[in-house]
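Q: Input: one structure, supplied below.
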Amino acid sequence: QVQLVETGGGLVQAGGSLRLSCTASGRTFSVYDVGWFRQAPGKEREFVGAVSASGGTTNYADSVKGRFTISRDNAKNTVYLQMNSLKPEDTAVYYCATKMPGRPVWDYWGQGTQVTVSS
């Protein structure tokens, strides 16, 4: 029901910041929880964080807690991932995904955007 596009990736030095955007084209975007995931070469996909449909609740992986912030603007059909104090180990392709609140399965995925952090 939702088509997702991630933008904002790029190359940044360690300690720098990037803001990723996940923009949806589906009319029912506001009813979905939105999550961020990442996958580095040779590694499995890992959970980064998520925001509830209302925007009132967020949660983060321990590896990014205190450095990354997720927010959403349903009027713009966009969810943001603000990444500060970036580390080389944050290098990965970042994906956003959606699911219905209360369900464990992430149903719809974007194409991903590359984030590379140099040391």
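Q: If you line up the Cα atoms of the range 56-114 on their principal axes, what length do they span on each, largest first, in Å?
A: So the extents along the principal axes, rounded to whole Å, are 32, 25, 25.
Q: Cβ under 13 Å from Met100's Cβ, Met100 left aside: what net charge do those residues give with Lys, Arg +1 and Asp, Glu -1?
A: So the surrounding residues net to 0.
Q: In percent, what relative contact order does the range 48-104 have, based on Cα pairs under 8 Å that are 6 or more apart in sequence?
A: 24 percent
Q: So, one more: Given the C-alpha centroids of the range 1-54 and the range 83-119, what is the distance between them in whole angstrom?
A: When both Cα centres are located, 4 Å separates them.
Q: Count charges around Asn84 for me, please; just the other residues with Cβ under 11 Å from its Cβ, Lys/Arg as +1, Asp/Glu as -1.
A: Around Asn84, the surrounding residues sum to +2.
Q: Still on this structure, please answer the following. With an 8 Å Cα cut-off and a minimum separation of 6 or more residues, compute the relative contact order for the chain in percent.
A: For the chain, the relative contact order is 36 percent.
Q: Just the number, please: carbon plus sulfur as a percent of the accessible area of the chain, 1.4 Å probe, no ligands or DNA/RNA counted.
A: Looking at the chain in its full context, I get 48 percent from C and S.
Q: May I pose another question? Around Gly26, which amide H atoms from residues at least 5 apart in sequence, or from another chain, sit under 5 Å from its own amide H, with H modelled in the peptide plane?
A: Counting only residues 5 or more places away or on other chains, the set is Gln3.
Q: Can you return the aspartates and glutamates within cross-link range of Lys87? Criterion is Cα-Cα under 17 Å, with same-chain partners fewer than 8 residues away left out.
A: Of all the aspartates and glutamates, those that pass the test against Lys87 - Cα under 17 Å, at least 8 places apart if same chain - are Glu46, Asp62.
Q: Rounding to the nearest 20 debye, state how big the charge dipole of the chain is about its Cα centre with +1 on each Lys and Arg Cβ and -1 on each Asp and Glu Cβ.
A: The calculation lands at about 160 debye.
Q: Report the one residue of Pro88, Val51, Phe68 whose Cα lies farthest in the direction of the positive end of the charge dipole of the chain (charges on C-beta: Lys and Arg +1, Asp and Glu -1; origin at the Cα centre).
A: Checked the options; the winner is Val51.
Q: Please give the length that would be gained between Trp109 and Asn74 if that part of the chain were fully extended, namely 0.36 nm times their separation in residues minus their C-alpha to C-alpha distance (nm, one decimal).
A: Contour length minus Cα-Cα distance gives 10.8 nm.
Q: Just subtract the alpha-carbon distance of Gln82 and Thr116 from 0.36 nm times their residue separation and send over the number in nm, one decimal.
A: 10.8 nm
Q: With a 1.4 Å probe and all protein chains left in place, how much accessible area per residue does the chain have, in Å²?
A: Here the residues of the chain average 52 Å² of exposed surface.
The values are calculated or read from the model by the stated rules, or taken from the named source; none is laboratory data. From a predicted model like this one, the values you see are computed outputs, not experimental measurements. Because the Cβ atoms are built from the backbone with ideal geometry, glycine has one as well, and the counts that use them run over all protein chains shown. Accessible surface is based on the protein model in full, side chains and every heavy atom, while ligands, DNA and RNA are left aside. Shrake-Rupley method; radii C 1.70, N 1.55, O 1.52, S 1.80 Å.
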